[in-house]
Structure formats: structure tokens, C-alpha cells
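What follows is a short report on a single structure.
Every read-out reported here was derived from the displayed coordinates using simple, explicitly stated rules and does not represent laboratory data. All values derive from a computational prediction rather than experimental measurement. Because the Cβ atoms are built from the backbone with ideal geometry, glycine has one as well, and the counts that use them run over all protein chains shown.
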Amino acid sequence: MSGWKGAVLVTGTDTEVGKTVVTAAITAAAQAAGLRVAVVKPGQTGTATGEPGDVDSVTRLAAPLTGRTLSSYPDPLAPLAAARVAELEPLELYTAVDAIRAEVDKHDLVLVEGAGGLLVPMGLRPSGEAWTVADLAVSLGAPAVVVARAGLGTLNHTALTLEALERRAVPAGVVIGAWPAEPQLVHWANLTELVPNLLGALPAGAGSMDPGVFRRSAPGWLTPDLYGVLDDWRTWAEDAG
């Protein structure tokens, strides 16, 4: 089965759009296809609560071969801001690049989950300038999965994110993070508009599934580019709803 390999960035149109659950779904589908998968989180924030980080959540749902968090900060802010508030060292861009490339050497697929949206400041370059997930994608020569909402406003946010990636020559596709159980007209209209760029869509509540059920179901939510079997969007959406 052909699909994206090497480093793949998972970003979003905003925060809380389902990046972590989508990362887990891609992990599960790829591993079901026989790939060795690593998940890397360059900047985890909000860790003061003691709750599991995003890599922990992916591990619970999909059990990747490797899971790594490169930097972690207590405050629920953008990673660079969280580092400054906590007076901790920000993550340097090429430190992140080198760590991810090291995992690429040992795995077939390395999913790199960002924080918030595409242009959120993640850390610092050697020059002292901030870098973003978009900069990381360019440095790695990696494609990006854009996780989007299903409802009102998603077309504008998704188009802006895809345009920013296209301007940087980063290949990209879209996964809907949570398709509602009772879709309304706006959801169907958005699905129709997004189909040309869609690589998948997860049902709402997927992250709360039993891990075994999640892993068996994941290929049905994704297209072959992400190691799934999904090809009929309307049938999928009707079944999911």
C-alpha cells in the first residue's frame, strides 16, 4: 500500500480541533499496514495540571513504536510564550529538526504534531527569531496534514492554512477532526467543499473509544494516502452520523 512516508506534520486550523486524535488514527492505520511509526511532539504545553500529554494520549489509543516529547512547559500557552513565562529554554529549530530526522532514520513514518495552528510560535532559531510549524515543515521537506473543524467558519480557516502551506511549497491535505453524530446542512455543505483536499474524517468522540475499537476503525476514517481505505465520503458520513 502506498502512502506518505518519512516525516509528516500534523497541524490544525486552530487549537482543540482534534490534532492528537487524528495523529493517533494515522498511527493506527499505518501500523495496521505494517509500518514502523514514531510520534514526536516538539512542544507540549499545559503540563502543570499533571494530565497526560498528547503523546501519552496517542500511545493509549494507537501504541506507536516510539513516542517522544521534545520540550514541555507548564502553562497552557503557545510553546514559545510558555517557555518565556516559565523562564525555561525555548526549543531551537534545528534541535527539533535533528531529533525528528533521527526518528526518520529508524521508522517508516514519523508524525510530528504541532501546537495550535500552523503559525503559532514554537521556539527560536539560532538567530533569535521565532519559528513555527510551517518553518519546521519547510526545514524537513515534509508534507502536512491540516486538521479542521466540520462546522461554520471552517472553510475560511482551512483555506487560509492551505494557502500558507502552498506559498511555502508544502504539500498538504485535510482531515476533519470530528464529524458530528447529527450533521446539519452546514456540515454537508462544508464536506462538499473540502472533498478535493480531504484525506480523512473522524467521527466525533473517536478519542473516547476503547483503544482496540479505535485501532480497528481508524483505516475506515482515512484515505489511502494515510493508509486508510476510505473512498466514498457520503456513505461514510451517513454511517458516521
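Based on the mean of other beta carbon atoms within 10 Å per residue, what is the order of 59-66, 36-43, most packed first?
Order by mean packing, descending: 36-43, 59-66.
Return the long-range amide H neighbours of Leu65 (sequence gap of 5 or more, or a different chain), with a cut-off of under 5 Å between placed amide H atoms.
Val37
Would you mind pulling out the separation of the Cα centroids of the range 6-54 and the range 111-169, in Å?
14 Å
Sorted by average packing, counted as other Cβ atoms within 10 angstrom per residue and highest first, what order do 104-114, 15-25 take?
Highest-to-lowest ranking by the protection proxy: 15-25, 104-114.
Taking amide H atoms as placed 1.01 Å from N in the peptide plane, list the residues 5 or more away in sequence, or in a different chain, whose amide H sits under 5 Å from that of Leu198.
Counting only residues 5 or more places away or on other chains, the set is Val174.
With a 10 Å radius around each residue's Cβ, average the other Cβ atoms per peptide and rank 208-215, 194-201, highest first.
Values: 208-215: 13.6, 194-201: 19.1.
With the highest mean Cβ count within 10 Å placed first, the list reads 194-201, 208-215.
Can you bin every Cα-Cα distance in the range 32-118 into 10 Å intervals starting at zero and give me the percent of pairs per bin, rounded to whole numbers?
Using 10 Å bins, I get a P(r) of 17, 47, 30, 6, 0 for the range 32-118.
Calculate the dipole size of the range 131-221 relative to its Cα centre from +1 charges on Lys and Arg beta carbons and -1 charges on Asp and Glu beta carbons; express the result in debye to the nearest 20.
The dipole of the range 131-221 has a size of about 160 debye.
Show that you can apply the helix-only estimate: for the chain, add -39,500 (n - 2.57) for every DSSP H stretch of four or more residues, divide by all residues, and state [θ] at 222 nm to the nearest 500.
Here the helix-only value at 222 nm equals -11000 deg cm²/dmol.
With labels modelled as points extended 7 Å from the Cα through the Cβ direction, what inter-label distance (nm, one decimal) is found for Ala48 paired with Arg216?
4.3 nm
Once phi is turned into θ = phi - 60°, what whole-Hz ³J(HN,Hα) does the Karplus curve with 6.51, -1.76 and 1.60 give for every residue of the range 160-168, x standing for Gly and Pro?
4, 5, 5, 5, 4, 5, 4, 4, 9
On C-alpha positions alone, give me the angle between the axis of helix 185-194 and the longest principal axis of the chain, in degrees, nearest 10.
The two axes meet at around 70 degrees.
Place a +1 charge on the Cβ of each Lys and Arg in the chain and a -1 charge on the Cβ of each Asp and Glu, then give the dipole magnitude about the Cα centre in debye, rounded to the nearest 20.
Using Cβ point charges on Lys, Arg, Asp and Glu, the chain gives about 360 debye.
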